[in-house]
Structure formats: C-alpha cells, structure tokens
Amino acid sequence: MSIFTPTNQIRLTNVAVVRMKKGGKRFEIACYKNKVMSWRSGAEKDLDEVLQTHSVFVNVSKGQVAKKDDLTKAFGTDDLTEICKQVSNIPMSTHCKYKPCHLLYVGLFVLFFLLKILAKGELQVSDKERQSQLETMFRDIATIVAEKCVNPETKRPYTVSLIERAMKDIHYSVKPNKSTKQQALEVIRQLKESMEIQRAHMRLRLVLPAKEAKRLKEKLKPLLQVVESEDFDEELEMVCLVDPGCFREIDELIRCETRGRGSLEVLSLKDVEEGDEKL
C-alpha cells in the first residue's frame, strides 16, 4: 500500500493505518506494518520504529491532517499538565525523536494523541491480512506451549502440530491484542482440562548454610516438586525439580533468608526425556 501525502510531499509505503473514532470524528495515524502489535505487546520500545510520520490525520490516504481543536475536543482535554503526566508514563527508547529536547518541536499535544490512538485505535487490515496474522499468532502460541510443556507421565515434549490440533479441539480463539506469551499460558491452563500436560520442571541445585538449613528446607518444601538428591556436610546441598513459576520465589527466599550465604544454580531449564510425545 502506497499513500501520497501532499502535506509534506512524502510517499508513505508499507503503511498500516490505525483508526480511532472519537467525538463523532475519525482520526488516523500511519504506522509500519507488523509494528503496531509489537508496540502494544511491549516487544517494540522505539516509537520511531512504529510511526511513519508524526502527524494525526483525519484521512491518511488523502494526507488530511487533523486540526488541534478537533483533537482536544474529541479527547476531552487541553490540560497541558495532565498531558505531560500521561506522556511521561510512556516508555520510550533513547533513540525516539520524542526526547525532552524535541518535545517543543513535535508538540506535546500531538504526541499525546498519537499515543492514545496507537494504544486504543483499530488496526486497519484486509480480511486476508487479518486471517494471516491470526494464523501466525496461532502457530506462535502453539510453539511456545510445545517448548514449555511435557506429558507429566512420560516427561516427553509435545510436537507443535499436536498442540495445534489440541487447541483446535478446545476451539481456542486467538486474541490479536494480547501477547502470544500471555495466551500460551492461558492455553496451557485450558489444555489441562482435556489432556495430560504440564510445564516442564526446572532442575536446580540449592546450597544452604548449615545454621539455616533445617528451617529453610521446611519453607522451601511446598515449592519443590521432587528432591532428587540431598547431601549434608558443612552445608546442605539439594538437587531438585521445581515448577518454573516458583523459581523467582525460591530465589528470593534463599537470598533473603541466608543474606547472600546460600546459592541457587540452574542445572537445566527443562527436565525432559528424549523424543516427542504422541497421542
């Protein structure tokens, strides 16, 4: 898609239009394809990699720029203090043109409205493009699930194609405005109701000082799935399997309770058997 914008005589190519209707008026911004969802999921931090131009339009294809009065009326604010507050909460990379020294040039008002539309506007794509995006996201979700999970009985991983079939069986519907990682965790929860699946355990080595060993072991016990070995000499050394979701809590518990004298080592991120699981 190529759009000629007479306002600055620049031909915009590879354009993805994000549209928002507000106060009875239509507002649009011109973005790069495949970047809008990356920005919304947090994967893309540089606003300049998302926006093609720093203008808010009423019609991108005709190059018609929106009037400031229409924007402030539609969004219900021209309070500079409030706008500054909201803009300051937006994470931007150091490469973004919207650094403080450039704000007077770009205009706080324009930046405020650009971010509003980018966050909440409707991404304009053809039916074919939308279907392609959904299919890609569906497979990405299945891939994440396959990478994270195993059959708890055999400890073998599932193939991506098998997870895709299982997702279709439960009629999982992709949510385009939600990250694939978030959706993968939701899929795992749903699949547990219809098949044997769980997140692959991590294998850890824990070393606890002798004085705190007995007390700390009792606190750790609910967080450990399997204790594979235990050796007590001058320190207590344990090799165990844990759910990945408990890793941060275990790490924090050991650091705080031992004041840095204990240690935690990741021996393997996934405890799996060789070969793929089959149904």
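The values are calculated or read from the model by the stated rules, or taken from the named source; none is laboratory data. Source: prediction; values computed, not measured. Counting neighbours? That spans all protein chains shown, and the Cβs are built from the backbone with ideal geometry, glycine included. All accessible areas refer to the heavy atoms of the entire protein, side chains included, with ligands and DNA or RNA removed. Shrake-Rupley method; radii C 1.70, N 1.55, O 1.52, S 1.80 Å.
Estimated at 0.36 nm per residue, the fully extended path between K168 and E228 surpasses their Cα-Cα distance by 17.9 nm. Using a simple spin-label model with pseudo-atoms 7 Å out from Cα toward Cβ, D46 and D70 lie 3.2 nm apart. Between N34 and E153, the contour length at 0.36 nm per residue exceeds the alpha carbon distance by 38.9 nm. Compared with the direct C-alpha span, the chain from L185 to R215 gains 7.5 nm at full extension, assuming 0.36 nm per residue. The order of S55, S132 by accessible area, most exposed first and with a 1.4 Å probe, is S132, S55.
Applied to the stretch 254-259, the Karplus parametrisation 6.51 cos²θ - 1.76 cosθ + 1.60 on θ = phi - 60° returns per-residue 3J(HN,Hα) values of 5, 5, 6, 6, 9, 6 Hz, with x for Gly and Pro. In this label model, K120 and V239 are separated by 5.5 nm, measuring between points 7 Å along each Cα→Cβ vector. Once the mean of 1/r is taken over each pair of separate Cα atoms and inverted, the stretch 152-279 shows a Kirkwood hydrodynamic radius of 16.7 Å.
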